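K.L.:
Mind having a look at this structure? Questions to follow.
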Amino acid sequence: MSVARPSVVVVGASLSGLMAARALRDHGIDDFLVIDRKRWIGVPLKCGEAVEASAFDELFGQGARYPFIKHVADTHDVVFRDFVRPLLDVPQLTFYELNRTEFERWLAEPVSDALRLSLTVRSIARCNFGFELETNQGLIQSRAVILCCGSNYELQRQLGLVSSLPRLGYACGELHATSDRHRERFVWHVMDRCEGYGWVFPKGNDGCNLGILSYRPEPLRSRLAEFKQLQAIATTPRTTFGGRFPQDGPLACTAADSLLVCGDAAGMVFAATGEGIRFALISGNLAGTVMAEAMLAGDTSRRQLSRYQDAWERRFGRVLRVGVRVKEVIMSLRRSGFLTSALRHLADRRIADFMLGKHARLTTLSYSVARCLELPRKLL
Ligand SMILES: Cc1cc2nc3c(=O)[nH]c(=O)nc-3n(C[C@H](O)[C@H](O)[C@H](O)COP(=O)(O)OP(=O)(O)OC[C@H]3O[C@@H](n4cnc5c(N)ncnc54)[C@H](O)[C@@H]3O)c2cc1C
């Protein structure tokens, strides 16, 4: 049996993996493979498809001109029970609503020659050469690996990066051809009977993406049905999807000898909202760049690759940790009944910063207040 021996293997051909591959190529590394168990790029879709605009623009330039961007939203409705808090023209909360499948195909184009699909990594181990990956199509040996395999933590466990599975959140959603009520605004609906929220993200003439997210396992399909009723959406979905996301914050170690970990595989999700696209794109780009420079310098030691960990920590490490707290604050305010007051009295800008994890001090303060509010409930 022949053994493939690329210099670098990127495991996962979704956002973080494709970004890592593009950065490797941009920096002069061509001897790499990007492998994925799925049969087609961008399919199946498992996403609300909303990405924060400023992060997107920083990576790709002014996004609105790309055909896969279906809508630009800077007005939002945050809903709890009967209370609707509009957030109007909040520039820091500007989101692009993508057609993610088209976006991933566009990302994949410049590295399509390095893609190997329908290829599942069953196990991974270190060997003299670097790494040995056992796949459904034979062995692959590579000097270095960039792990972009999402929130199935089996490969991370095999490499000793995690000792147990992080807590996971769950989400499911649907694409609808029509969105008459929701053509402009993003809707974030904190649910009463669910440990999470429902979303409606409009896609202009392409309809809308709607769904529901929970911080713990619960019957999401029935919650989604309730949410659609609340939103008066009765059309038949074009597509349904579901998935999970890590919600404990980033892994402690994302850079080891000849190994980098990105995106969901590294726990890089804003736990409160499940937002992960921007972190996957940025971390993949950083990982590909740092790995390429290390390969060219002939030094892929942990010391050299730790520049990746330093870089993402500086960019958004704090935001991700704040996200874990934001989630707890939202749920605590909901349970103690103070969510409506908070939504009524806080300025638009404050709520927007809170939703993006940009206000560490406000979050810490609200976290302490929320814990105090919960005390009587816990003591009774
Ligand atoms: C329902 C849902 C809705 C979401 N909505 C939003 C949203 O609106 N906005 C937002 O910012 N974020 C959202 N997220 C989060 C966002 O989708 C993720 O953060 C993002 O996809 C992470 O990208 P990634 O490349 O790190 O991992 P993934 O997109 O999970 O990709 C991992 C890839 O690795 C492949 N893979 C895994 N294991 C193996 C293996 N053993 N061998 C070969 N290939 C393998 C998989 O097939 C997959 O293609 C949502 C998540 C869910 C579940």
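K.L.:
Taking the Cα centre of the chain as origin, work out the dipole magnitude from +1 charges on Lys and Arg Cβ and -1 charges on Asp and Glu Cβ, in debye rounded to 20.
P.N.:
Details: 50 positive and 40 negative charges, 222 e Å.
Dipole size: approximately 1060 debye.
K.L.:
Quick one: what are the phi-derived ³J(HN,Hα) couplings along the stretch 22-29, Karplus 6.51/-1.76/1.60 with θ = phi - 60°, whole Hz, x for glycine and proline?
P.N.:
With coefficients 6.51, -1.76 and 1.60, one gets 4, 5, 4, 5, 4, 9, x, 9 Hz.
K.L.:
How much length would be gained if the chain were fully extended between A4 and E154, taking 0.36 nm per residue of separation minus their Cα-Cα distance, in nm to one decimal?
P.N.:
Details: separation 150, 0.36 × 150 = 54.00 nm, distance 2.24 nm.
Contour length minus Cα-Cα distance gives 51.8 nm.
K.L.:
Same structure again: Report, by chain and number, residues whose modeled amide H sits under 5 Å from the one on G242, excluding near sequence neighbours (fewer than 5 apart, same chain).
P.N.:
Under 5 Å from the amide H of G242: G173.
K.L.:
Using the per-residue mean of other Cβ atoms lying within 10 Å as a proxy for protection, in what order, highest first, do the peptides 284-294, 338-348, 26-36 fall?
P.N.:
Sorting 284-294, 338-348, 26-36 by mean packing, highest first, produces 284-294, 26-36, 338-348.
K.L.:
Now, a different point. Which far-off residues, 5 or more places away or on another chain, put their amide H under 5 Å from the one on T135, with H placed in the peptide plane?
P.N.:
Excluding prolines and chain starts, which carry no amide H, the hits are R122, I140.
K.L.:
Can you work out the Karplus-derived ³J(HN,Hα) for every residue in the stretch 216-224? Use 6.51 cos²θ - 1.76 cosθ + 1.60 with θ = phi - 60°, whole Hz, and x for glycine or proline.
P.N.:
With the stated coefficients, the stretch 216-224 comes to 9, x, 7, x, 5, 4, 6, 5, 5 Hz.
K.L.:
Moving to a separate point now. Pull out a ≥ b ≥ c, the square roots of the eigenvalues of the alpha-carbon gyration tensor of the chain, then state rounded if a/c is under 1.5, prolate if not and a/b is larger than b/c, and oblate in the remaining case. All intermediate terms of the calculation are to be shown ahead of the outcome.
P.N.:
Numbers: a/c = 1.91, a/b = 1.58, b/c = 1.21.
The shape class here is prolate.
K.L.:
Which whole-number value in Å² is the accessible area per residue of the chain, probe 1.4 Å?
P.N.:
Per residue, the chain has an accessible area of 43 Å².
K.L.:
Continuing with the same structure: Which order do the peptides 120-129, 355-364, 144-153, 96-105 take when ranked by the mean count of other beta-carbon atoms within 10 Å per residue, highest first?
P.N.:
144-153, 96-105, 355-364, 120-129
K.L.:
Using only helices, what value at 222 nm comes out for the chain when you add -39,500 (n - 2.57) per DSSP H run of length 4 or more and divide by the total residues, to the nearest 500 deg cm²/dmol?
P.N.:
-11000 deg cm²/dmol
K.L.:
Roughly how many percent of the accessible protein surface of the chain is carbon and sulfur, given a 1.4 Å probe and a whole-percent answer?
P.N.:
After summing per-atom areas, the C and S share lands at 50 percent.
K.L.:
If you don't mind, another one. List the lysines whose alpha-carbon lies under 23 Å from that of K203, not counting same-chain residues fewer than 8 positions away?
P.N.:
K46, K70, K228
K.L.:
Among residues other than G169 whose Cβ falls under 12 Å from its Cβ, what is the net charge (Lys/Arg +1, Asp/Glu -1)?
P.N.:
-1
K.L.:
A follow-up question, please. May I ask for the distance between the Cα centers of the stretch 1-48 and the stretch 170-242, given as a whole number of Å?
P.N.:
After rounding, the separation between the Cα centres reads 31 Å.
K.L.:
How long is the gain from A177 to E132 if the chain were fully straight, where each residue apart is worth 0.36 nm and the alpha carbon distance is subtracted?
P.N.:
11.7 nm
The values are calculated or read from the model by the stated rules, or taken from the named source; none is laboratory data. Predicted, not measured: the structure shown is a model, and the values here were computed from it. Glycine also receives a Cβ, built like all others from the backbone with ideal geometry; neighbour counts cover every protein chain displayed. Heavy atoms of the whole protein, side chains included, go into the accessibility calculation; ligands, DNA and RNA do not. Shrake-Rupley method; radii C 1.70, N 1.55, O 1.52, S 1.80 Å.
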